[in-house]
Amino acid sequence: MQKLLITGASGFLGWHICQLAQSNWDVYGTYYSHPLDIPGVKMVKVDLTNYQDTKNLIQAIHPSSIIHAAAQSQPNYCQLNPQLSRSINVTATCHLADICADQSIPFAFTSTDLVFDGLNPPYRHTDPVSPVNIYGEQKVEAEQEILARYPQATICRMPLMFGNNTPIAHSFIQPFIHTLKAGQVLNLFSDEIRTPVNGITAAQGILLALAKVQGIIHLGGRERISRYEFGKLLVEIFQLPGEQLKSCLQQDVKMAAPRPKDVSLDSSPAFELGYQPLSLREQLKSLLTPS
Ligand SMILES: NC(=O)C1=CN([C@@H]2O[C@H](COP(=O)(O)OP(=O)(O)OC[C@H]3O[C@@H](n4cnc5c(N)ncnc54)[C@H](OP(=O)(O)O)[C@@H]3O)[C@@H](O)[C@H]2O)C=CC1
Ligand SMILES: Cc1cn([C@H]2C[C@H](O)[C@@H](COP(=O)(O)OP(=O)(O)O[C@H]3O[C@@H](C)C(=O)[C@@H](O)[C@H]3O)O2)c(=O)[nH]c1=O
């Protein structure tokens, strides 16, 4: 089997890609501050902001392909720590793109729907970018650097992702579930619209796009939904107490990083390629019986 290196394997998305890739690849995964064993995956510690360490790692493993899912993925943290977050979100991405370009290694980068300002949805991959926060700006910079350094690379713009807890990471639904189970008020935005998918669906999309797509592809789900409506779906499917679920507006919650209103992705080219996200209901139900 060919070797696939997945950066950020200790993170939410990287862990899901590791689960899925194992049937077809000899999988190597990286972590940085959270040591993790994933059965069937060879895990390696690396600080991807260090160019020489990154180069040594790739020389030692000699992967056939690389999926780059390591990032500082919290918009609020990026807003407050622009330099630190830029080193992993931009600088480390440039390192990987350079090394992959030099060695013609197929390379997939995980970008975000937050490259858009949310004013003209749904967004096609050809639409102009216009981030409203530093995290989005860093992802745009990383995308542009990759396209300049290695035009054959794949840039996967990911939507909001959800799923069960992984050994280290969780998705946005766990705090929501915890709040409702504790009988506390959960205020969810009715004016923030996304096209979410679960972690496994996202992983399927990236593995499909890897090496098949040159340039940018959108891997959103089929449904556009507000966080509040998503919360209602969560209550229904997880049979949670829903009395304390309330709708609010983005402006009601103070956040370090501004968020766009509606960054729904138009992912029709990916659907034509064979990316087939199930309905949100079905994707949420699948979390009740994890395989
Ligand atoms: N979650 C979401 O809803 C969305 C995520 N994305 C993008 O998808 C990708 C995956 O996100 P997600 O899985 O949620 O992120 P997580 O925050 O769950 O994981 C981040 C990963 O990056 C690793 N990492 C951070 N800094 C370094 C470093 N200096 N060197 C090496 N590894 C490092 C972490 O390792 P460790 O923990 O061991 O330190 C961890 O494995 C990211 O590119 C993100 O921007 C895009 C859209 C939505
Ligand atoms: C959605 C939502 C969030 N919040 C609060 C909770 C949290 O502290 C803060 C941010 O929420 P979230 O973490 O869910 O959302 P956010 O940080 O915007 O999540 C993003 O992460 C990065 C990686 C991406 O690329 C995006 O696509 C997206 O997934 O706002 C509310 O109070 N109500 C809400 O309805």
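The values are calculated or read from the model by the stated rules, or taken from the named source; none is laboratory data. Please read all numbers here as calculations on a predicted model, not as lab measurements. With ideal geometry, Cβ positions are generated from the backbone for all residues, glycine too; neighbour counts draw on all protein chains shown. Only protein heavy atoms, including side chains, enter the accessible area calculation; ligands, DNA and RNA are left aside. Shrake-Rupley method; radii C 1.70, N 1.55, O 1.52, S 1.80 Å.
Under 7 Å by Cβ, and 6 or more places apart or on different chains, what pairs join a residue from the range 139-155 that is aromatic (Phe, Trp, Tyr) with one that is open to solvent by 20 Å² or more (accessible area, probe 1.4 Å)? Every condition considered, the pairs that remain are 150/101.
Taking the numbered list (1) more than 29 Å from residue 254 (Cβ to Cβ); (2) open to solvent by 40 Å² or more (accessible area, probe 1.4 Å); (3) of a type in the set (Gly, Ala, Ser) in turn, residue 73 passes all entries but (1). For the range 1-20, filtered to residues that are away from ligand 2 (no atom under 16 Å from the Cβ) and surrounded by fewer than 24 Cβ atoms within 10 Å (Cβ to Cβ), the residue that is modelled with the lowest pLDDT is 1. From the list 68, 95, the one residue that fits, being assigned by TED's automatic domain parsing to the domain that holds residue 115, surrounded by 18 or more Cβ atoms within 10 Å (Cβ to Cβ), at pLDDT 95 or above and more than 16 Å from the chain's Cα centre (by Cα), is 95. Can you tell me which residue within the range 151-171, out of those that are of a type in the set (A, V, I, L, M) and part of a loop (DSSP other than H, G, I, E, B), is farthest from ligand 2 (Cβ to nearest atom)? The selected residue is 153. Being crowded, with 17+ Cβ neighbours inside 10 Å, modelled with pLDDT of 95 or more and touching a Leu at 6+ places or on another chain (Cβ under 9 Å) holds for only one residue in 115, 90, 132, and it is 132. Look at residue 51 and say whether it is surrounded by 17 or more Cβ atoms within 10 Å (Cβ to Cβ), more than 16 Å from ligand 2 (Cβ to nearest atom) and under 22 Å from residue 135 (Cα atoms). Criteria not met by residue 51. Exactly one residue among 121, 128 is away from ligand 2 (no atom under 16 Å from the Cβ) and either part of a loop (DSSP other than H, G, I, E, B) or on the phi > 0 side of the Ramachandran plot (or both), and that residue is 128.
Of the residues making up the range 98-112, those that are open to solvent by 10 Å² or more (accessible area, probe 1.4 Å) and part of a helix (DSSP H, G or I) are 98, 101, 102, 103.
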